[in-house]
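Presented below is the structure to which this report refers.
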Amino acid sequence: MEVLEKRATRGEIILKALIGALTGYIIAIILASIILNPSDVLRSVLWVYTNTTPITTAILFSIPIAASALGLTLAYRAKFITIGAEGQVILGSAVTLWFIAYSGINLQLPFSILLAIILASILGALYSLIVALLRIYAGANEILSSLMLNFIAMYTVNYLIATSWRIGPFTITKSIPEEYRLSVSFIIATLIVLTLLTWFILARTRFGLSIEVYGRAPRAAETYGYSPKTIIIGVSIISGLMAGLGGALAMLSFQHHLTPMSSPPGYGYMGVLVAWLSANNPIIAMVASIFFSTIVVLGRTLQAIGVPLSYVLAIQSMIVLSTLVAVATAKYTIRFRWFKW
Amino acid sequence: MVDLSLLLRVLSNAIPIMLSAYGELLVERSGRVNLGVDGIMALGASMSVLVSAITGNTMLGLISGLATGLAASILYIIPVIVFRVDQVATGLLLVFLAWGLADLIASIGYRVSPSIPIGSLQYNILALITVIIPLILWLLMYKTWIGVEIRAIGYNEILARERGLRVDTIRAIMLLIGGALAGLSGSYMALTLYNGKYFTGITGGWGWLAIGSVILGYWHPVGVAVAAYSIGLILTLRPYLEAMGLGPLSISTPYIMVILSLIIAAYISRSPRFKPPRIL
């Protein structure tokens, strides 16, 4: 087998990526319809994309995905492949719930929400900073260490839910009171602001330039005086801030309470998938995360007819996988030589 | 003082981690890292439960778990080996895909057989295999030319390619073996550890622990066996730690141990004599 690189125009790559994404989506839907009644599945797909209610819900769901994806676009541009957004989202939503429902600190309304969000962001950033410090000072690979931290965050929050936060006979926490909940318009505004902010950092600041240079040529970046430590710590703090913020907004806009997680809820992982799908472009990432959250809504309707909720993440990874393969076919020519002596 | 039942329990916890870790060891020695182990384990678990529920034969279930692992690793080989897609991305995508598919397959299981009791598999045979496999792997890796080729590909891919080794073929074979072993370990987990039941999140991140134990064992067959055994020991001691009042820390101990092993491995690899394969 020979793999030859070839030059592909931007249009060709975009076209192939779109075809790939669509193919992945269709394959995933077909796999689900093999097991269930195909007409039920199709009806749910149509319902999600033709009504306003699911689209509104999708915009709500997209905030944790988009926030973590936008932070990760910066990190991935610096070739800092952290997967820790999941744990940061979980911690962000947990600390928000704690601050509003359990801490007993009563402030005036906008300030308490603001303080909760700031607290969640800081916690996310600190959790993300652990990964960066482990990478810089101990040489630990950031992929595995961030994954392990996700599990630690999940089990810690599960423990809190099962013990001190639990109310009544069921393992469920208190809910966020009605007046603290955020509206769709606020979420849309946050989405736009975050996207523009990420784009601004990437395209208009010295730090964004240093990220780009360090990602493409680490040695050259060092030679020109960009400090790798500063870059890695910077991107990990920003991605952690954003993921924690996403978790806080998720809790305030649609989650409202926590239940024990047997497997990760997946908003952070979806952010990782979106960052890969969008080739680390913030604007595409925002659009892609709304698309992905329509799949979350679809998953919830499919759940009613017997598809497990974790299939959402499977549909999404099928989409990303086939997109990556489709883009690769635009970039490489592959020649098979079956008989090689 | 030696409590044999505790030893057996540790071994039964360690076996799934060991099996996946051996497969991952071969993969990483040949210069790739398959992060999809955890997903393949879940897929193997749910497939084996389904097959043994339908046929009523646990051995058949075990074999189907192995076959599922083979099939799932093709999903990794096509993007990574053929299309040169980023291996980290593909591995993680495979995990999520396999988790979802495993739950989907389990949902058929509930419709086909609401309550077929499944006799759990005896773990004697597999326990024996788990002791023998590291020896075989050690012989393969350090005493045969195939082992030299595998290690050469892991150390320096370009040089191996120029020397005429079939890099892609060998890697694909290693990935297939790794996938098969991961599927087997998943089905072992479902059929013996959880008495023939499948549930969402059955692997509990043990696939990641397997990858961690490859690093902790410093890419050596015997070292990996010891590392997997010690992680199995910690998993067994988890309830005792929890009883000591350590709370969430006790559940997270194996994960913290993997992070520590990453640090230790990074420290050792600074010395020129002990270079790990280039995996990432």
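Would you mind stating whether A:ILE100 is more than 14 Å from chain B (Cβ to nearest Cβ), farther than 24 Å from B:ILE264 by Cβ and hydrophobic (A, V, I, L, M, F, W, C)? So A:ILE100 passes the test.
Kindly evaluate A:LEU324 against the criterion of being facing chain B (nearest Cβ under 8 Å), under 16 Å from A:ALA66 (Cα atoms) and open to solvent by less than 60 Å² (accessible area, probe 1.4 Å). Criteria not met by A:LEU324.
Being modelled with pLDDT of 85 or more and within 11 Å of chain A (Cβ to nearest Cβ) narrows it down to one residue among B:LEU66, B:LEU94, B:LEU60; which is it? Sole residue among the options that is modelled with pLDDT of 85 or more and within 11 Å of chain A (Cβ to nearest Cβ): B:LEU94.
Could you check, for region A:169-182, whether at least one of its residues is at the interface with chain B (Cβ under 10 Å from one of its Cβ atoms) and over 19 Å from the mean Cα position of the chain (by Cα)? Give the steps one after another, and end with the answer.
We begin by selecting, within region A:169-182, every residue at the interface with chain B (Cβ under 10 Å from one of its Cβ atoms); these are none.
No, region A:169-182 contains no residue that is at the interface with chain B (Cβ under 10 Å from one of its Cβ atoms) and over 19 Å from the mean Cα position of the chain (by Cα).
Taking the listed residues A:ILE117, A:ILE83, the one that is within 14 Å of chain B (Cβ to nearest Cβ), open to solvent by less than 40 Å² (accessible area, probe 1.4 Å), at pLDDT 90 or above and under 20 Å from A:GLY246 (Cα atoms) is A:ILE83, with no other qualifying.
Screening region A:296-312 for residues that are in a helix (DSSP H, G or I) and either free of Cβ contacts under 8 Å to residues at least 24 places away in the same chain or more than 11 Å from chain B (Cβ to nearest Cβ) (or both) and picking the one that is most open to solvent (accessible area, probe 1.4 Å) gives A:ARG300. Summed over region B:155-188, the residues that are farther than 19 Å from B:SER73 by Cα and buried (at least 21 other Cβ atoms within 10 Å of the Cβ) give a count of 1.
If you scan region A:26-45, which residues turn out to be within 19 Å of A:ALA288 (Cα to Cα), open to solvent by 70 Å² or more (accessible area, probe 1.4 Å) and more than 14 Å from chain B (Cβ to nearest Cβ)?
So the first thing to find is which residues in region A:26-45 are within 19 Å of A:ALA288 (Cα to Cα), and the list is A:26-29, A:45.
Filter again for open to solvent by 70 Å² or more (accessible area, probe 1.4 Å), leaving A:26-27.
Matches in region A:26-45: A:ILE26 only.
The listed residues are B:TYR240, B:TYR255, and the only one of them that is within 13 Å of chain A (Cβ to nearest Cβ) and over 24 Å from B:LEU140 (Cα atoms) turns out to be B:TYR255. Looking only at region B:59-81, filter to residues that are open to solvent by less than 30 Å² (accessible area, probe 1.4 Å) and more than 30 Å from A:VAL325 (Cα to Cα); which one of those is farthest from the chain's Cα centre (by Cα)? Going through the qualifying residues, I end up with B:GLY61.
Applying the condition of being under 19 Å from A:THR195 (Cβ atoms) and open to solvent by less than 30 Å² (accessible area, probe 1.4 Å) to region A:281-295 and asking which residue is farthest from the other protein chains (Cβ to nearest Cβ) yields A:PRO282.
Among the listed residues B:TYR123, B:TYR142, B:TYR110, identify the single one that is over 23 Å from B:LEU66 (Cβ atoms) and either buried (at least 21 other Cβ atoms within 10 Å of the Cβ) or modelled with pLDDT under 90 (or both). It would help to see each step written out before you state the result.
Working: B:TYR123 fails: over 23 Å from B:LEU66 (Cβ atoms); B:TYR142 fails: either buried (at least 21 other Cβ atoms within 10 Å of the Cβ) or modelled with pLDDT under 90 (or both).
Result: B:TYR110 is the single residue among B:TYR123, B:TYR142, B:TYR110 that is over 23 Å from B:LEU66 (Cβ atoms) and either buried (at least 21 other Cβ atoms within 10 Å of the Cβ) or modelled with pLDDT under 90 (or both).
Of the residues A:ALA140, A:ALA67, A:ALA101, only one is modelled with pLDDT of 90 or more, aliphatic (A, V, I, L, M) and either surrounded by 24 or more Cβ atoms within 10 Å (Cβ to Cβ) or over 20 Å from A:MET242 (Cα atoms) (or both); which? After applying the criteria, what remains is A:ALA67. With respect to the conditions (1) within 14 Å of chain B (Cβ to nearest Cβ); (2) not in a helix (DSSP H, G or I), A:THR23 falls short on a single one, namely (2).
This table checks each residue for (1) within 19 Å of A:ALA69 (Cα to Cα); (2) free of Cβ contacts under 8 Å to residues at least 24 places away in the same chain; (3) under 18 Å from the mean Cα position of the chain (by Cα).
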position: A:PRO110; (1), (2), (3): no, yes, no
position: A:LEU134; (1), (2), (3): no, yes, no
position: A:GLY139; (1), (2), (3): no, yes, no
position: A:LEU144; (1), (2), (3): yes, yes, yes
position: A:MET148; (1), (2), (3): no, yes, yes
position: A:TRP165; (1), (2), (3): no, no, no
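For region B:41-57: of the residues being among the hydroxyl-bearing types (Ser, Thr, Tyr) and open to solvent by less than 30 Å² (accessible area, probe 1.4 Å), which is farthest from B:LEU97 (Cα to Cα)? Full working, then the answer.
Taking region B:41-57 and keeping what is among the hydroxyl-bearing types (Ser, Thr, Tyr), we get B:46, B:48, B:52, B:55.
Those still in the list that are open to solvent by less than 30 Å² (accessible area, probe 1.4 Å) too: B:46, B:48, B:52.
Details: B:SER46: 14, B:SER48: 18, B:SER52: 23 Å.
Per the stated criteria, the residue is B:SER52.
As a summary of the residue check, A:SER253 satisfies the conditions (1) in contact (Cβ under 8 Å) with a residue 12 or more places away in the chain; (2) within 17 Å of A:ILE30 (Cα to Cα); (3) polar (S, T, N, Q) except for the one numbered (2). For region B:266-273, state whether one or more residues are surrounded by fewer than 16 Cβ atoms within 10 Å (Cβ to Cβ) and basic (Lys, Arg). Yes. For region B:263-275, filtering for residues that are within 13 Å of another protein chain (Cβ to nearest Cβ) and modelled with pLDDT under 75 leaves 0. Checking B:ARG9, B:ARG32 one by one, the residue that is open to solvent by 20 Å² or more (accessible area, probe 1.4 Å) and at pLDDT 90 or above is B:ARG32 and no other. In region A:168-184 there is at least one residue that is touching a Lys or Arg at 6+ places or on another chain (Cβ under 8 Å) and open to solvent by less than 20 Å² (accessible area, probe 1.4 Å). Restrict the check to region A:237-251 and report whether at least one residue is open to solvent by 30 Å² or more (accessible area, probe 1.4 Å), at pLDDT 90 or above, part of a helix (DSSP H, G or I) and more than 25 Å from A:SER146 (Cα to Cα). So far as region A:237-251 goes, no, none of its residues is open to solvent by 30 Å² or more (accessible area, probe 1.4 Å), at pLDDT 90 or above, part of a helix (DSSP H, G or I) and more than 25 Å from A:SER146 (Cα to Cα).
Scanning region A:46-64 for residues that are open to solvent by 60 Å² or more (accessible area, probe 1.4 Å) and within 17 Å of A:MET251 (Cα to Cα) turns up nothing.
Where residues in region A:254-279 are open to solvent by 30 Å² or more (accessible area, probe 1.4 Å) and in a loop (DSSP other than H, G, I, E, B), which of them is farthest from A:ALA94 (Cα to Cα)? Break it down stepwise before answering.
Step one: of region A:254-279, the residues open to solvent by 30 Å² or more (accessible area, probe 1.4 Å) are A:254-257, A:259-260, A:262-263, A:265, A:276-277, A:279.
Imposing the further condition that a residue be in a loop (DSSP other than H, G, I, E, B) reduces the set to A:256-257, A:259-260, A:262-263, A:265, A:279.
Values: A:HIS256: 10, A:HIS257: 9, A:THR259: 11, A:PRO260: 12, A:SER262: 16, A:SER263: 16, A:PRO265: 13, A:ALA279: 30 Å.
So the residue we want is A:ALA279.
The values are calculated or read from the model by the stated rules, or taken from the named source; none is laboratory data. All of these numbers come straight from a predicted model, not from anything done at the bench. Glycine gets a Cβ as well: all are built from the backbone with ideal geometry, and neighbour counts include every protein chain shown. We work out accessible area using only protein heavy atoms, side chains counted, and drop any ligands, DNA or RNA first. Shrake-Rupley method; radii C 1.70, N 1.55, O 1.52, S 1.80 Å.
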